[in-house]
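These notes concern the structure reproduced below.
The values are calculated or read from the model by the stated rules, or taken from the named source; none is laboratory data. From a predicted model like this one, the values you see are computed outputs, not experimental measurements. Neighbour counts run over all protein chains shown; Cβ positions are idealised from the backbone, glycine included. Surface accessibility is based on the protein's heavy atoms, side chains included, excluding ligands, DNA and RNA. Shrake-Rupley method; radii C 1.70, N 1.55, O 1.52, S 1.80 Å.
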Amino acid sequence: MANKSNQQGQKPKPPTEAEEELLRELREHQIELEMQNEDLRIHQIELEMQNEELLRARAALETSRSRYLNLYEFAPVGYLSLNSEGNIIEINLTAATLLGEERNNLLNRYFIDLIAPEDCGRWYLLLQNLLQHEGEKKNFELTLKRGDSHFHARLDYLSVMNDDLTLLRRITLTDISESKHAEQELRIAAVAFEAQEGIMITNADKVILRVNRAFTDITGYSAEELVGQTPHLLNSGRHNAAFYAEMWECINRTGSWQGEIWDRRKNGDIYPKWVTITAVKDSNGVVSHYVGLHTDISARKASEEEIKQLAYYDPLTALPNRRLLLDRLQQALATSSRNNKYGALLFIDLDNFKSLNDNLGHDMGDVLLQQVAQRLIACVREGDTVSRQGGDEFVIMLEDLSEHAEEAAAKAKTIGEKIIISLNQPYKLTTHEYQNTPSIGITLFTNHQQSINTLLKRADIAMYGAKAAGRNTLRFFDQDMHQAVTTRAALETDLRFALAKNQFQLYFQRQVRNGQIIGAEVLLRWEHPDRGLVAPLEFIPLAEEIGHIIPIGQWVLENACAQLKRWQAHQQTRHLQLAVNVSARQFHQADFTEQVCAMLKKNAIKADRLKLEFTESLVFDNINDTIVKMQALKKIGVSFSMDDFGTGYSSLIYLTQLPFDQLKIDQSFINNIGIKPVDTVIVQTIIGMANNLGMDIIAEGVETQEQRTFLELHGCHTYQGHLIGKAMPLAEFERFFGI
């Protein structure tokens, strides 16, 4: 314990100089080490700072490189480089995308493989031109492939020398398909603007800004005269303010309007057009312009009117046709039912009109129909309807005649008689003067309960009643008339098949001269299986009317020639001559002369044994045709007789030019010999005229000895009639000759 206390109480010993020196050196060395260590820390900090700057620079460089690559790869245009052989050695993604290929599939490919075939030739020419201008930047357009399709591209081309002195071609590729399409659309729009449809563009205040050529052609104004004006310049005055107010209300409400407008051209003409007006709005929905499409529909309106005219009016006479008549008749029946007043239908048919067409031609027939139409219009009241049903048939509808049937019938009859008088007046058909008569049927109507078809049928039946009464007259409908027309219709049907069923027979009436039989007139008879013997006056006019007279007439002529052939074999009959009646229709066939010659040749008969009998109407309807044919047949020996001479209006001048051998006095004069002094004188005159002209004369219908004596006394020694024999069948006729 004592030692320990001693130790604590003792002071330490001061260091020695050596120790102090050593301590000092140690401190200095320690300070120096600390300073070196500080320098090392500073240097380390500097290195760390330099490393950070390097990293930042490297990062900035990488960012810049990445940005460059992005700009290059994804640029809005394609970049590619070609070597001197034309291979692609570099290409960005944009160019690959434009070409529709993976980049790897494009590298080292010939660029020409990517050009549309139609532009390959241009590419070679361009390359030749580019080689001559090396170092100059050029641009041109090509069509390039994109998969299975194509696109329009603009190429900016620059050729440069590489570091190794090889040629490098740098190309910038731009897809210009949309601009090409827009350009094409502009061209189309420009063409459309100058199309045939007129176009007018105005601003929101309706001031005209632009018009196309078609618009100026339609209106007659020039573009300079229209621009700055308003459409009011074209106002025709046909539309009132309400019309335009309604039009603009529709445009403001819906954005467009279309309809028909009448405008005025510069020359004052008012014309119809179809207009479509469309409002053009800006992005804010405010109207900035109006575009109007204008089509001149004058031609269309004229065509519509023409179609209406063709649909409802007869093209030859401009009268209402059957369709329009039926429409008006329907309305007239309704009106008649309301006011209890009678109306009337007049069915008008021109007598023997077909003969005019056959003899003078259809052109003359058309001229007659036109003149008839004008005369009919002049005969009726302003509110009445004159219509043409077709052919030579006209129907007149009279309205509001009277509440009493008798008075209405009297008024209708007055108009009908006025029509007959008018249509009986001569017609001037170019160089021909022609007369024609009408047959008119009339029926009354009073209410809508009556059938239109029934009314027309009744008027038609009444017309046939007028024809049956001798033509050139009028008749009203009644039941007896209806029955007669029904019978006629049935007869017409049977007549059409009579020839095919061998129902016709030839009868022969002897002709004598000085008591000797010289021949006979061939007369046609119809043996109907149910009706018995049908009189010629009943069926011959009907055959004429329906055109069946031609085959019937040919059958008669052929059988007459065949009969002459048979008679040539008998001494008793070989001298006989047969007279055959020929209708106008049959004679005026173009080949009638050839038909007769062929029949004579076929039967090997003498031509002078055949005598053709013509009526005056046949001869003088077409005199030139008659002269030519008669002279041709006369040369081969055929003889001619004029039948019913004296009943018509024969021209003696023409009669002297025609090679007639004989005149036949009509039996109506023969019947009145000794009864009517005038007819007796006519018979004497005809006989004297025939003798003076060197013609034979024959009388028909001689029934009494007194008539025969008179004829022979005055120089007519040839005749036929019941006095010497009626018409008879062939067997009975031949018994007189013992064959």
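Quick one: in the range 393-432, which of the residues that are of a type outside the set (Asp, Glu) and assigned to a loop (DSSP other than H, G, I, E, B) is farthest from the chain's Cα centre (by Cα)?
Per the criteria, the residue is His404.
Within the range 510-543, take every residue that is in contact (Cβ under 8 Å) with a residue 12 or more places away in the chain and acidic (Asp, Glu) and give me the one that is least open to solvent (accessible area, probe 1.4 Å).
Looking at residues that are in contact (Cβ under 8 Å) with a residue 12 or more places away in the chain and acidic (Asp, Glu), I get Glu521.
How do the pairs read when you match residues in the range 289-307 that are over 14 Å from Val275 (Cα atoms) with residues anywhere that are among the hydroxyl-bearing types (Ser, Thr, Tyr) and surrounded by 11 or more Cβ atoms within 10 Å (Cβ to Cβ), using Cβ under 8 Å and keeping only pairs 6 or more apart or on different chains?
Filtered contacts from the range 289-307: His289/Thr202.
Of the residues Arg381, Arg388, which is open to solvent by 70 Å² or more (accessible area, probe 1.4 Å) and either over 30 Å from Gln586 (Cα atoms) or at pLDDT 90 or above (or both)?
Arg381
Looking at the range 574-593 only, could you name the residues that are open to solvent by less than 20 Å² (accessible area, probe 1.4 Å), in contact with a Lys or Arg (Cβ under 8 Å, 6 or more places away or on another chain) and within 23 Å of Ile517 (Cα to Cα)?
Correct list: Leu576, Leu578, Ala579, Val580.
Any idea which residue in the range 330-352 is farthest from Met463 (Cα to Cα), counting only those that are of a type in the set (A, V, I, L, M) and at pLDDT 90 or above?
Ala344
Does any residue in the range 552-565 that is under 14 Å from Asp608 (Cβ atoms) come within less than 7 Å, Cβ to Cβ, of a residue that is open to solvent by 10 Å² or more (accessible area, probe 1.4 Å) and assigned to a helix (DSSP H, G or I) six or more places away or on a different chain, and which pairs are these?
So the pair list comes out as Cys561/Met599; Cys561/Leu600; Cys561/Asn603; Leu564/Asn603; Leu564/Arg609.
Scanning the range 144-172 for residues that are surrounded by 11 or more Cβ atoms within 10 Å (Cβ to Cβ), without any contact (Cβ under 8 Å) to a residue 40 or more places away in the chain and out of contact with any Lys or Arg (no Cβ under 9 Å at 6 or more places or on another chain), which turns out nearest to Asp113 (Cα to Cα)?
Filtering the range 144-172 for residues that are surrounded by 11 or more Cβ atoms within 10 Å (Cβ to Cβ), without any contact (Cβ under 8 Å) to a residue 40 or more places away in the chain and out of contact with any Lys or Arg (no Cβ under 9 Å at 6 or more places or on another chain), the one nearest to Asp113 (Cα to Cα) comes out as His150.
Can you find even one residue in the range 173-191 that is of a type in the set (A, V, I, L, M, F, W, C), open to solvent by less than 80 Å² (accessible area, probe 1.4 Å) and at pLDDT 90 or above?
Scanning the range 173-191, I find at least one residue that is of a type in the set (A, V, I, L, M, F, W, C), open to solvent by less than 80 Å² (accessible area, probe 1.4 Å) and at pLDDT 90 or above, so the answer is yes.
Looking at (1) within 50 Å of the chain's Cα centre (by Cα); (2) open to solvent by less than 50 Å² (accessible area, probe 1.4 Å); (3) more than 21 Å from Leu360 (Cα to Cα), which is the only condition Leu610 fails?
All conditions are met except number (1).
Can you confirm whether the range 402-413 contains a residue that is touching a helix residue (DSSP H, G or I) at 6+ places or on another chain (Cβ under 6 Å) and of a type in the set (A, V, I, L, M, F, W, C)?
No; the residues of the range 402-413 include none that is touching a helix residue (DSSP H, G or I) at 6+ places or on another chain (Cβ under 6 Å) and of a type in the set (A, V, I, L, M, F, W, C).
With respect to Leu325, is the statement that it is open to solvent by less than 10 Å² (accessible area, probe 1.4 Å), at pLDDT 90 or above and closer than 25 Å to Ser451 by Cβ true?
yes
Name the helices (runs of 4 or more DSSP H) wholly inside the range 670-739 in which the number of residues that are closer than 30 Å to Trp526 by Cβ is 2 or more.
It comes to 730-735.
Taking interchain pairs and intrachain pairs at least six residues apart, which have beta carbon atoms under 9 angstrom, with the first residue in the range 487-509 and open to solvent by less than 60 Å² (accessible area, probe 1.4 Å) and the second of a type in the set (Ser, Thr, Tyr)?
Arg488/Tyr464
For the range 92-114, enumerate the residues that are farther than 12 Å from Leu144 by Cα and charged (D, E, K, R).
Answer for the range 92-114, where residues must be farther than 12 Å from Leu144 by Cα and charged (D, E, K, R): Glu101, Glu102, Arg103, Arg109.
Out of the residues in the range 694-711 that are farther than 12 Å from Ile665 by Cα and among the β-branched types (Val, Ile, Thr), which is most open to solvent (accessible area, probe 1.4 Å)?
My answer is Thr709.
Could you run through the range 677-693 and say how many residues are open to solvent by 70 Å² or more (accessible area, probe 1.4 Å) and out of contact with any strand residue (DSSP E or B) (no Cβ under 9 Å at 6 or more places or on another chain)?
6
Among the residues of the range 494-506, is there at least one that is of a type in the set (A, V, I, L, M) and part of a strand (DSSP E or B)?
Taking every residue of the range 494-506 in turn, at least one turns out to be of a type in the set (A, V, I, L, M) and part of a strand (DSSP E or B).
For (1) aliphatic (A, V, I, L, M); (2) touching a residue at least 40 places away in the same chain (Cβ under 8 Å); (3) buried (at least 16 other Cβ atoms within 10 Å of the Cβ), each residue gets a yes or a no:
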site: Gln309; (1), (2), (3): no, no, no
site: Asp314; (1), (2), (3): no, yes, yes
site: Pro320; (1), (2), (3): no, yes, yes
site: Gln331; (1), (2), (3): no, no, no
site: Ser336; (1), (2), (3): no, yes, yes
site: Leu346; (1), (2), (3): yes, yes, yes
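Six or more apart or on different chains, Cβ atoms under 9 Å: show the pairs whose first residue is in the range 448-459 and under 18 Å from Glu399 (Cβ atoms) and open to solvent by 100 Å² or more (accessible area, probe 1.4 Å) and whose second is among the small types (Gly, Ala, Ser) and modelled with pLDDT under 90.
Listed pairs, sorted by first residue: Gln449/Ser337.
Quick one: is Glu102 closer than 23 Å to Ser179 by Cβ, open to solvent by 30 Å² or more (accessible area, probe 1.4 Å) and not basic (Lys, Arg)?
no
Exactly one condition in (1) farther than 23 Å from Thr615 by Cβ; (2) of a type outside the set (A, V, I, L, M); (3) touching a Phe, Trp or Tyr at 6+ places or on another chain (Cβ under 7 Å) is false for Gln586; which is it?
Evaluating Gln586 over (1) farther than 23 Å from Thr615 by Cβ; (2) of a type outside the set (A, V, I, L, M); (3) touching a Phe, Trp or Tyr at 6+ places or on another chain (Cβ under 7 Å) leaves (1) as the failure.
Considering only residues that are within 15 Å of Ile665 (Cα to Cα), touching a residue at least 40 places away in the same chain (Cβ under 8 Å) and open to solvent by less than 70 Å² (accessible area, probe 1.4 Å), look in the range 712-739 and name the one that is farthest from the chain's Cα centre (by Cα).
Filtering the range 712-739 for residues that are within 15 Å of Ile665 (Cα to Cα), touching a residue at least 40 places away in the same chain (Cβ under 8 Å) and open to solvent by less than 70 Å² (accessible area, probe 1.4 Å), the one farthest from the chain's Cα centre (by Cα) comes out as Cys716.
Go through the range 215-246 and report how many residues are without any contact (Cβ under 8 Å) to a residue 40 or more places away in the chain and buried (at least 17 other Cβ atoms within 10 Å of the Cβ).
Number of matching residues: 3.
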